[in-house]
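Contents: one structure, followed by commentary.
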Amino acid sequence: MVPDTRAQDLRRLEESFEFTNKEHAVKYEQVTKLLEVYGQKMDGHKVKFGEIKDLISGLAFQQSSFLQKLSLGRGEPIANHEQPGCSN
């Protein structure tokens, strides 16, 4: 009877490994999917930050141009304004 119990123990151990491997595979897939989703969100934020930065830079440039035109129209000296995009 000893060989039967060893064989049964070996089968149980193999089943335990199979179950554990399946659990790990499922958890690995879940973590991989989460990382992909978070990675895509971060990439999306980088794009949005770049777009916002470009919009702000464009608005600052337009404001500076408008102030220069306004100053020239009044005959006033042009104030020393920082140019957008000079410091990052």
So how far, in whole Å, is the C-alpha centre of segment 26-73 from the one of segment 3-24? 53
Set of lysines near Lys53 by C-alpha distance (under 28 Å), chain-local residues within fewer than 8 positions excluded: Lys41, Lys69
Loop-only trypsin sites (Lys or Arg not before Pro) in segment 1-66, please: DSSP not H, G, I, E or B, and at most 12 other Cβ atoms within 10 Å. none
Sequence neighbours fewer than 8 away in the same chain don't count; with that in mind, list the aspartates and glutamates whose C-alpha is under 17 Å from Lys27. Glu18, Glu36
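A short reminder: the numbers here are calculations on the coordinates, not readings from a lab. None of these values were measured; they are calculated from a predicted model. Backbone-built Cβ (ideal geometry, glycine too); neighbour counts: all protein chains shown.
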